[in-house]
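Below is one structure, written out as structure tokens, with a few remarks after it.
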Amino acid sequence: MTDKFDVLAIGNAIVDILVTVDDDFLIRHDIPKSSMQLVDEATSDRLYSKLGHALECSGGSAANTIAGLASMGSKTAYIGKIKDDQLGQVFDHDINSLGITFTTGKDISGVSTARCLVMITPDAERTMCTYLGACVNLTEKDIDPALVQKAAVTYMEGYLWDPEQAKTAFRKAMTIAHDAGRKTSFSLSDSFCVGRYRQEFRHLAEHEIDILFANEEELLMLYDTRDIDAAIKAVQKHCDVAAITRGARGCTIVSPDEIIDINGYRVNDLVDTTGAGDLFAAGFLHGYSRGHDLATCGSMGNLIASEVITHVGARPNIDLKQYLVNNL
């Protein structure tokens with residue numbers, strides 16, 4: 001079968017609303033700095049009304065990854081749930097404008113499209129208040145078998161593991177991918193997700209996921225240890241590939257045969273850490289889908305992550321395809 005897509009991503013379809021604030025704004029509204037908290041629609045609306053000029057774009061972890069892949073020239077597709085409302089139209093237009101195939105059916109009633117208020121303080125820290133809305137309504141009916149069968153890699157985000165119907169959708173996608181001889185990939189997303197679903201995520205890593213993405217803290221949480229070397233040796237027994245981000249130190253890429261430490265890129269103008277992990281995954285998967293060795297894939301992930309933190313937002317604001325050519 002000829003691949004139509006390099007990567008298909010499945011995740012929370014969220015409109016990111018990016019805005020710069022000072023620390024006093026967070027204090028006045030009793031929002032813990034650098035936190036990611038879920039809020040109801042009324043709270044989201046109230047905070048939004050207090051914010052100044054904002055940038056609105058399609059978001060969510062997996063959507064950020066697939067946008068980065070598209071910018072590098074990968075052939076991409078996306079599955080995520082939105083409502084047919086104003087913010088849903090923003091999401092739909094934005095993701096399609098990037099050349100990403102997005103055909104998931106829209107809800108016409110019920111809760112509104114999800115949105116994430118990303119408040120960025122002068123020290124480049126991000127504080128997020130997320131209203132999940134329609135994105136958690138993804139079901140197995142939304143998984144298009146043809147899209148999965150035609151994608152070399154199907155990438156899924158751990159943030160969407162909470163709803164039972166979404167778990168069923170993910171498992172359907174994993175089965176279709178493997179039956180078609182394709183690869184599956186999963187991001188642990190957040191240490192809080194790992195804390196809730198440690199045993200389920202371990203099962204995924206051991207039996208259903210080919211490429212696992214995690215940061216250092218998430219991996220430690222997954223294997224219930226504070227010894228990173230022990231965690232790395234544990235995941236080495238499970239996945240074909242594990243890509244572990246380690247902040248300024250770069251990343252560690254693990255396969256059954258090797259453990260590769262790859263230095264990060266020096267960043268002199270840190271602005272906003274939003275999306276660093278998402279874009280690392282994009283760089284890695286872009287290299288992986290082109291058959292590069294794991295060390296090169298890790299370097300590509302580090303490079304793309306280092307670019308996204310130099311400006312506001314989790315999306316590239318330059319041509320990443322040319323950026324790779326110039327810097328690798």
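Read-outs throughout are calculated quantities, based only on the coordinates presented, and are distinct from any laboratory measurement. This structure is a prediction, so every number in the text was calculated from the model and none was measured. Here Cβ is always computed from backbone atoms with ideal geometry, including for glycine, and neighbour counts include all displayed protein chains.
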Completion exercise
The set of residues whose placed amide H lies less than 5 Å from the amide H of Arg126, leaving out same-chain residues fewer than 5 positions away, is Thr273
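What percent do you get for the relative contact order of region 64-114 when only Cα pairs under 8 Å and 6+ apart count? Display every interim value, and only then the final one.
Working: 58 pairs, mean separation 22.7, N = 51.
So the answer I get is 45 percent.
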Handout entry: Selected from Thr127, Ser112, Leu212, residue furthest toward positive end of dipole (the chain; charges at beta carbon)
Key = Leu212
Practice task
Please state the charge dipole magnitude for region 1-78, taken about the Cα centre, from unit charges on C-beta atoms (+1 on K and R, -1 on D and E), reported in debye and rounded to the nearest 20.
Solution key: 200 debye
Completion exercise
For region 216-224, in residue order, the Karplus 3J(HN,Hα) values (coefficients 6.51, -1.76, 1.60; θ = phi - 60°; whole Hz; Gly and Pro = x) are 4, 5, 5, 5, 4, 5, 4, 9, 6
Handout entry: Cβ-placed point charges (K, R +1; D, E -1), dipole of region 50-159 about Cα centre in debye, nearest 20
Key = 80 debye
Problem - Potential extension, Arg226-Val267 segment - 0.36 nm per residue separation minus Cα distance - result: 12.0 nm
Exercise for the section: Please name which of Ala152, His53, Ala295 has its Cα lying farthest along the dipole of the chain towards the positive end, using unit charges on Cβ (Lys, Arg +1; Asp, Glu -1) and the Cα centre as origin. Expected result: Ala152
Handout entry: Centre separation in Å (Cα based) which lies between region 253-270 and region 31-57
Key = 33 Å
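Counting alpha carbon pairs within less than 8 Å and at least 6 residues apart, what relative contact order, in whole percent, applies to the chain? Please report the intermediate quantities before stating the final value.
On the way: 718 pairs, mean separation 58.2, N = 328.
Result for the chain is 18 percent.
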Exercise for the section: Please turn the phi angles of region 111-121 into ³J(HN,Hα) values with the Karplus equation 6.51 cos²θ - 1.76 cosθ + 1.60 (θ = phi - 60°), one per residue in order, whole Hz, x for glycine and proline. Expected result: 5, 7, 4, 5, 9, 10, 7, 9, 9, 10, 8
Practice task
Using only the C-alpha atoms of region 6-159, find the volume of their convex hull and express it per residue in Å³.
Solution key: 112 Å³
Completion exercise
The relative contact order of region 101-203, taking Cα pairs under 8 Å that sit 6 or more residues apart, comes to a percentage of 22 percent
Practice task
For an R0 of 25 angstrom, estimate the FRET efficiency from the Cβ-Cβ distance between Glu56 and Ser35 and round to the nearest 0.05.
Solution key: 0.70
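When Lys and Arg each count +1 and Asp and Glu each count -1, what net charge do the other residues less than 11 Å away from Asn64, Cβ to Cβ, add up to? Numbers along the way, then the final one.
Working: positive: Arg315; negative: Asp16, Glu157, Asp278.
Taking every Cβ under 11 Å from that of Asn64, the sum is -2.
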Handout entry: By average C-beta atoms within 10 angstrom, highest first, the peptides 180-193, 228-241, 27-40
Key = 180-193, 228-241, 27-40
